[in-house]
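So the structure is just underneath, and the comments pick up after that.
Read-outs: derived from the displayed coordinates by stated rules, not from any lab. Fair warning: this is a prediction, and the values are worked out from it, not measured in the lab. Cβ coordinates were reconstructed from backbone atoms using ideal geometry, including for glycine residues, and neighbour counts include every protein chain displayed.
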């Protein structure tokens with residue numbers, strides 16, 4: 001059933017205002033998120049009578065499409081206090097890890113293939129193309145409410161050479177690109193032609209926050225002087 005266009009526009013405005021207020025973001029930013037959301041498409045097309053639902057219900061559905069990074073310590077882990085070569089216990093764990101049991105290592109391998117022109121209908125390729133479309137190689141920026149957090153990281157270089165250990169995965173790339181940026185792209189950038197396809201492709205992450213990789217947790221402890229106690233938020237993730 002199609003709604004009256006004028007009433008529908010007014011409903012859009014109320015949802016955007018409510019969403020902006022709850023997420024503490026500007027109306028312009030909320031508007032951009034809304035018009036690239038599934039909620040908007042369903043309302044616009046009159047599917048399942050979505051436009052008949054309450055403003056509160058629709059705003060909550062819009063929230064479900066987004067991933068909130070406000071409870072993640074991205075800024076705290078943006079700049080390590082120690083270099084990887086000085087994180088001896090981390091390096092020992094990295095040497096012991098098996099590639100097939102660690103999806104972030106496999107992601108690093110396919111990134112190298114994608115850089116050479118390889119293509120596949122897989123979430124990893126669309127994530128790579130999303131990053132490539134940003135045209136930025138030396139950092140990644142996360143939006144947390146009204147705040148933008150820029151993390152210095154070599155976006156397209158998953159591995160680093162350590163003189164005494166050889167070639168290993170870069171834990172900072174693992175945390176900020178393979179983990180956080182992947183989730184950010186999948187949920188928060190439907191305005192990007194590649195990011196919006198990630199959730200529809202095989203191989204995409206669960207989208208849940210939670211770090212269980214031993215080497216990454218040890219690196220966070222050594223490089224930042226912080227002890228990691230269990231999984232963040234008690235949720236599981238493949239990373």
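Quick notes on this structure:
- Cα-projected label distance for residue 92 with residue 154, points at 7 Å along beta-carbon direction, nm: 2.6
- Inter-probe distance in nm under a simple model that places probes 7 Å from Cα toward Cβ, at residue 118 and residue 9: 5.0
- Kirkwood hydrodynamic radius (C-alpha pairs) into Stokes-Einstein, region 52-106, 37 °C and 0.692 mPa s, D in µm²/s: 210
- In region 1-82, the alpha-carbon atoms span a convex hull of 100 Å³ per residue.
- Here r is the Cβ-Cβ distance between residue 28 and residue 201 and R0 is 30 Å; the resulting FRET efficiency, rounded to 0.05, is 0.50.
- Zero-based 5 Å bins, Cα pair distances in region 89-143, whole percents: 4, 15, 22, 21, 15, 15, 8, 1
- When both region 132-158 and region 19-61 are represented by their alpha-carbon centers, they are found 27 Å apart.
- Helical content alone sets the calculated 222 nm signal of the chain at -12500 deg cm²/dmol, taking -39,500 (n - 2.57) per DSSP H segment of four or more residues and averaging over every residue.
- Shape of region 68-166, Cα gyration tensor, a/c cut at 1.5: oblate
- The orientation-averaged projection of the convex hull spanning the C-alpha atoms of the chain amounts to 14.1 square nanometres.
- Here the spin labels are modelled as points 7 Å beyond Cα on the Cα-Cβ line, and at residue 165 and residue 191 they lie 3.9 nm apart.
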